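The values are calculated or read from the model by the stated rules, or taken from the named source; none is laboratory data. Remember, it's a predicted structure, so these values are computed and weren't measured experimentally. Backbone-built Cβ (ideal geometry, glycine too); neighbour counts: all protein chains shown. All accessible areas refer to the heavy atoms of the entire protein, side chains included, with ligands and DNA or RNA removed. Shrake-Rupley method; radii C 1.70, N 1.55, O 1.52, S 1.80 Å.
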Amino acid sequence: MESIGRQPKVKQIAQELLLAESARGEPVLFHGNSMLPLFRDGDELRLAPVTWAEIAPGDIVTYRLENKFPTLRVVAKGKSKLTLMGDNWPQRYEAWPEHILGRVVARTRAGVTISSGALAWRLRAEFAVLSFRASVSVNRAAGSPRRIWSAFTSRRRQRFATPPNIQVNVSSNCNLKCRMCPYLSVHGSSEHLDFMDSSTFERILPLIKSIGAVHFSGSGEPLFNRSLFDFMARVRHEVPGATIDLTSNGTLLTEEKARKLVEHKVNKIHVSFDGLPERVGSIRRGVNGSKVVENIRRLSTIKREAGSTLPVVQVNYMTGYGTYWDLVSFIHLAREIGVGEIQLLEMQPATAEDISANLYTSSQQDNGQALKTAVMLARYYNIKLHLPLVTKNACYYPYNPHVGEDGEVYPCCFLDYRGRQLYHDDQEHFLPPITFGNIRQQSFDDIWNGDDYIALRERNTLGEFDANCQLCYDIRLRTAERIEQILDLR
């Protein structure tokens, strides 16, 4: 059967025929309270066909989101994207030309009909658009002083400031053998410590107290480190308001550990999980996808019973090996089990195989339809979907250093441990590791303010990359530009 993207063509035609019938005069019922007071639940709406060129800010349109048909007001129109809002909701939504089903031209309530040309209707439309534009202007104005000050102090911050965050790798042991993992040779290696010990962590604690943030992670699974919750308790005691994050594969997230995360008020747990449960096992070899899903669900239940919103559950969702096609279905699952955020990651390719079914390649096959639907659906479910975008001509990875289990300080995850192999322009490239010192032998301030580390940060902030950083940046930039084009973000 011929398909458009991954949707059977006959199904799409059937939806369009249904739309055509509605647009010819058959009323449709409005549900919900998003458009109060103009529309109420049970109002009859009349839709008319509309071309993309005819749509203007202030119009109310109905669009298709899988088997749902939201009706919202257009508050801004881009080259190929609409920004939508409800008159009674603060959230913003997006839709693209292929999703628009029609424009609302009349409303009937209790036998009384009002058309979109009525004065009250037009005044409400003008007010909504002007309010949106005013809020955008206020936000831009509020951000301008921060941008000016940031630019003014950037050179000084290169040398004297502490990093905004720090990743503390507490375990090099792991129970999985993920296909794309660059640390397989590190796991269990005698060259690296299995676990960070308390004395090394105490060397890092003054920095954590200074910046008020720490991200526990590892080249392996951090929950293997039996001191992890002692580290968390220490941070929470020393810096009650600190931001504490944890990255985990979710396999060891038992009920006891879940309760400790809530008890220590961990801000966010990042669970690495790619695709639906039935697919993830072929990627993250050794994982039971259904078990991880149930672990997340149980954590959400424990949070709810404790009356806590923490930790926020974020899934780090890598697009590779075909997981792009699971993304929309995964968002439904994420909502069901209590995931609040999804970080969409493009797999950094190490071999030619890695680029055969990643986000960049797969989104070309369906013209980005799965990505667009994922963005709309995440908004609809109030799940934050973070996209793998990059700052133009700059890289800020070196501002978030990694401290290894043995105290080595690396500038980023692409230059740590044994380095990284990347595939680009039909060639395999090796990025050697870079370390600027060891926190067990030097203070972090001395490492951070070393001439070599400062020079790297300065170059990367200005986009003056060396060959290895340029390679990594170019790979990420290609995907980011593809996403910007698909979603009309520019």
Under the Karplus relation with 6.51, -1.76 and 1.60 and θ = phi - 60°, whole-Hz ³J(HN,Hα) for segment 53-62, x at Gly and Pro, equal 5, 7, 6, 9, x, x, 5, 10, 10, 10
Counting only DSSP beta bridges with both partners in the chain, the antiparallel fraction in percent, to the nearest 5, comes to 60
Here the convex hull volume per residue of segment 277-382, taken over Cα atoms and given in Å³, is 98
Segment 246-307: relative contact order from alpha carbon pairs under 8 Å, six or more residues apart, as a whole percent, is 43
Dividing the mean separation of Cα pairs under 8 Å (6+ apart) by the residue count of the chain yields a relative contact order in percent of 12
Relative to the chain, whose Cα atoms define the longest principal axis, helix 451-461 and its Cα axis are tilted in degrees, nearest 10, by 10
In degrees rounded to 10, the 0-90 angle between helix 198-211 Cα long axis and the longest Cα principal axis of the chain is 50
Classified through the alpha carbon gyration tensor (a ≥ b ≥ c as square roots of its eigenvalues; rounded if a/c is under 1.5, else prolate when a/b is larger than b/c, else oblate), segment 326-438 comes out oblate
Counting only protein heavy atoms and rolling a 1.4 Å probe, one gets per residue an accessible area for the chain in Å² of 47
Longest principal axis of the chain (C-alpha) makes with the long axis of helix 327-337 (C-alpha) an angle, in degrees to the nearest 10, of 80
So the pair-distance distribution of segment 366-490, from every Cα-Cα distance in 5 Å bins, comes to percents of 2, 9, 16, 18, 15, 13, 11, 8, 5, 2, 0
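Which of rounded, prolate, oblate describes segment 69-141, given a ≥ b ≥ c as roots of the alpha-carbon gyration tensor eigenvalues and a/c under 1.5 marking rounded, otherwise prolate only if a/b is larger than b/c?
Details: a/c = 2.26, a/b = 1.39, b/c = 1.63.
It is oblate, given that a/c is not under 1.5 and a/b is not larger than b/c.
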Here the chain gives, from Cα atoms, an Rg and Dmax in Å of 25.2, 81
If amide H atoms are modeled at 1.01 Å from N in the peptide plane, then the residues at a separation of 5 or more from Ala213, or on another chain, having amide H under 5 Å from its own are Thr243
Cross-link reach from Lys260 to aspartates and glutamates, straight Cα distance under 20 Å and at least 8 residues apart if same chain, gives Asp197, Glu221, Asp230, Glu238, Asp245, Glu294, Glu305
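Could you tell me which chymotrypsin sites (Phe, Trp or Tyr not before Pro) in segment 366-435 are loop residues by DSSP with no more than 16 other beta carbons within 10 angstrom of their beta carbon?
Details: sites: Tyr380, Tyr381, Tyr396, Tyr399, Phe414, Tyr417, Tyr423, Phe430; in loops: Tyr381, Tyr396, Phe414, Tyr417.
Those satisfying the criteria are Tyr381, Tyr396.
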Of every hundred units of 1.4 Å-probe accessible area on the chain, the number belonging to carbon and sulfur atoms, as a percent, is 51
